[in-house]
1. Using a Förster distance of 22 angstrom, determine the FRET efficiency expected from the C-beta separation of Ile7 and Ser60, and round it to 0.05.
2. Working out 0.36 nm times the residue gap between Phe70 and Phe138, then minus their Cα-Cα distance, what length gain in nm do you get to one decimal?
3. Quick one: if you stick a label point 7 Å off each Cα along the C-beta vector at Leu110 and Val37, how many nm between them?
4. Quick check: residue separation of Asn154 and Phe51 times 0.36 nm, minus the Cα distance between them. What number comes out in nm?
5. Step through the residues of the range 95-102 one at a time and calculate ³J(HN,Hα) from phi using the Karplus curve (6.51 cos²θ - 1.76 cosθ + 1.60, θ = phi - 60°), rounding each to whole Hz and writing x for Gly and Pro.
6. Taking the Cβ of Glu57 as the center, what net charge do the other residues with Cβ under 12 Å away carry, scoring Lys and Arg +1 and Asp and Glu -1?
7. When the convex hull of the Cα atoms of the range 75-138 is projected onto a plane and the area is averaged over all directions, what value comes out in nm²?
8. Enter the Cα centre distance for the pair the range 72-108 and the range 21-47, rounded to the nearest angstrom.
Amino acid sequence: MSAIIRIGTITDLPQVLHLINELAIYEKAPQEVEVSVNEMINWGFGSEKIFDFFVLEKNSKIIGTAVYYFKYSTWKGKCLFLEDIIVTESERKNGYGKLLFKEVVKVAKLKKVKRMEWQVLEWNMPAIEFYKKFNSNFDGEWINCKLTARQIENFN
């Protein structure tokens, strides 16, 4: 059976969280995953909806996902941020990442965003080579900044 891509549903979230944990292990940060299925239900389907996702299904099993959301640029306007493309390790190199990426680009076109963005770890050469195939721009000018939940809580 060939793989199909479809819009993710609530019932897909446990398998999607499994893929997220698999990615965290690959990126050497399994302890960083704090999100729960219940939170994903709220943020993906509830009144506080903030993300959308596709799943890639093969033989009735989810083997990949693409998670994205919309953001706003003060210079450009509406943008799409691709949070992650994840394909389970045993299914990589079969073109599934490309299928997921193309599906998100379709959304970017449909929604007429001014820019589509994502991040890739500087050491993740397979991902860097993957994105180079699409003639992507790699921006060395910007530095990522963040506050953790603890830092936000303790902020005065």
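No value in this document is a laboratory result; all are computed from the given coordinates. Keep in mind that this is a model prediction, so the values were computed, not measured. Glycine also receives a Cβ, built like all others from the backbone with ideal geometry; neighbour counts cover every protein chain displayed.
1. Using R0 = 22 Å, I get an efficiency of 0.85.
2. Contour length minus Cα-Cα distance gives 22.5 nm.
3. 2.7 nm
4. 34.4 nm
5. Residue by residue, the range 95-102 yields x, 6, x, 4, 4, 5, 4, 4 Hz.
6. +1
7. 4.8 nm²
8. Centre-to-centre (Cα) distance: 17 Å.
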